[in-house]
1. For GLU147, all conditions in the list (1) surrounded by fewer than 18 Cβ atoms within 10 Å (Cβ to Cβ); (2) modelled with pLDDT of 70 or more; (3) part of a helix (DSSP H, G or I) hold save one; what is the number of the exception?
2. Could you list all residues from segment 223-237 that are among the charged types (D, E, K, R) and either outside any loop (DSSP other than H, G, I, E, B) or loosely packed, with under 15 Cβ neighbours inside 10 Å (or both)?
3. Looking at segment 238-257, which of its residues are open to solvent by 10 Å² or more (accessible area, probe 1.4 Å) and either of a type outside the set (Gly, Ala, Ser) or touching a helix residue (DSSP H, G or I) at 6+ places or on another chain (Cβ under 8 Å) (or both)?
4. Does segment 195-210 contain at least one residue that is closer than 18 Å to ARG383 by Cα and of a type in the set (S, T, N, Q)?
5. Test GLU8 against the criterion of being open to solvent by 30 Å² or more (accessible area, probe 1.4 Å), assigned to a helix (DSSP H, G or I), more than 18 Å from LEU167 (Cα to Cα) and acidic (Asp, Glu), and give yes or no.
6. Check every one of the helices (runs of 4 or more DSSP H) wholly within segment 337-396 and list those with 1 or more residues that are modelled with pLDDT of 95 or more and within 17 Å of ASP431 (Cβ to Cβ).
7. Six or more apart or on different chains, Cβ under 9 Å: which pairs go from a residue in segment 81-95 that's within 16 Å of GLY24 (Cβ to Cβ) and open to solvent by less than 30 Å² (accessible area, probe 1.4 Å) to one that's of a type in the set (S, T, N, Q) and in a helix (DSSP H, G or I)? Could you list them?
8. Those residues that are surrounded by 24 or more Cβ atoms within 10 Å (Cβ to Cβ) and at pLDDT 95 or above, I need them from segment 152-166; list them, please.
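The values are calculated or read from the model by the stated rules, or taken from the named source; none is laboratory data. Predicted, not measured: the structure shown is a model, and the values here were computed from it. We place every Cβ from the backbone using ideal geometry, glycine too, and count neighbours over all the protein chains shown. These area figures cover heavy atoms from the full protein model, side chains too; ligands, DNA and RNA do not enter into them. Shrake-Rupley method; radii C 1.70, N 1.55, O 1.52, S 1.80 Å.
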Amino acid sequence: MRTAHRVETVRTAEREAMARLPEGALMQRAAAGLAAACADLLDRRVYGARVVLLVGSGDNGGDTLYAGARLARRGAGVTAVLLAPDRTHPGGLAALRAAGGRVLTGPHDGVDGDVVGRHGAHEVLARADLVLDGIVGIGGRGGLRAEAVPLARAARDSGVVVVAVDLPSGVDADTGEVAGECVTADATVTFGAYKPGLLVDPARTRAGVVRLVDIGLDLSVPADVEALQHADVARLLPAPDAESDKYRRGVVGIVAGSAKYPGAAVLCVGGALRGGAGAVRYVGGGGDAVLARHPEVLVHDGTPGGAGRVQAWVIGPGLDDGVAGALDEVLASDVPVLVDADALGALDPDAVRERGAPVVLTPHAGEAARLLGISREEVEGRRLDAARRLAGRYGATVLLKGSTTVVASGGSPVRVNPTGTPWLATAGSGDVLAGVIGALLAAGLGAVDAASVGAYVHGLAGRLVRPGVPVVAGDVAEGLGAAWGSVVGER
């Protein structure tokens, strides 16, 4: 499990570590790990490499300067561009100078160095092999300040490898929000713990490849955000045994599709079948299309209440009319229910909160925005917050679909999904996902586990079935078996 902690938690752990360690030890550990990561990115060719440090104030700048000093001692030509000369970390600055590093400042007083204007800094960046972004640390809020923006743009435009120190400057460490201009890094070296913003968009796309450096923090408190890894999913995926029958494996009921949208029913049923369901009972207007593709499905022409025994319901994909009545019947059952697509708009929060069995909601950003009464841009900019708010409002587990799929439920850590591909942004992909999660609910997984495991396998299927090229939702359903197999190989 990859876990992430909020800034306040990390700061507390840092203070506790500094109280028991020699002065400066924590910063030296961070600098050593950062320098080692930079050496790896330079293919161990540190000698003669041209390294530029963009240095702000405080400890983040200190980490950057000490790492620069280590690289300089190994033969790199290191130049530090100081954005706040009068507030630069004094120990780090002294170490860099002692190692032979060069220091450039703007037109400020208080720090000796070569005075360099905006264009001079750009020339230094244009000749660099590696740039370290030490402008703002994890305590920063909002986008970059005006004086830092030209340097961040110059680093991006130069095509040089950019390494963010702890996190890209200008992104919010706790929320992943990008409120203005920020640094776009090729890699981020973060210290002590992952920060939530490094795991969720839009900040995640600015972080590049993230490397964690262990600096000895005690983080025994619960995480704020977590991401399942292969081994975690392998432990959670259900596996039949010699005594299994279709009911022990789980029967999922699906209310989806219509005469207008029969494909949604086919895709949702396909996701459930390949998601491990022992059987699928289908209710809706797409029965002929479902049977033509999946003859093993049990089709019912009536309402959900008369469909027979199920261990979970999925309702919503492709429903055209009659949503409210079917939704009431499904919610009146005593089994887990997944509500998706068209059924979300008919959902009464009180009816969900009063249920004894779990409910999983699977909105995309536009649907979440309508449920919360805010803009889609607000949802996409603060995905963790939006998922938490929806979970609180409905007393449900919420899977917020999008560039980073987020699963939230009450006070539990929010889970973010590390698999997937932008090619999954295709019609019907969410219908397949709903079916997979429904099958996992029917197999007995809890709501959070079913949602996060379903998202993981679904995302992996999208990556594996047709690597690097467009996929359609039917491809994703067909690829679930390969994705499942790649995961259970970790058992």
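1. Condition (3) is where GLU147 drops out.
2. Within segment 223-237, GLU226, ASP232, ARG235 qualify.
3. Matches in segment 238-257: PRO238, ALA239, PRO240, ASP241, GLU243, ASP245, LYS246, TYR247, ARG248, ARG249.
4. yes
5. On the way: open to solvent by 30 Å² or more (accessible area, probe 1.4 Å): yes; assigned to a helix (DSSP H, G or I): yes; more than 18 Å from LEU167 (Cα to Cα): no; acidic (Asp, Glu): yes.
Considered against the rule, which asks whether it is open to solvent by 30 Å² or more (accessible area, probe 1.4 Å), assigned to a helix (DSSP H, G or I), more than 18 Å from LEU167 (Cα to Cα) and acidic (Asp, Glu), GLU8 comes out as no.
6. Numbers: elements: 349-353, 365-372, 376-381, 383-394.
Per the criteria, 365-372.
7. Partner pairs satisfying both residue conditions: GLY92/THR64.
8. Within segment 152-166, VAL162, VAL163, ALA164, VAL165, ASP166 meet the criteria.
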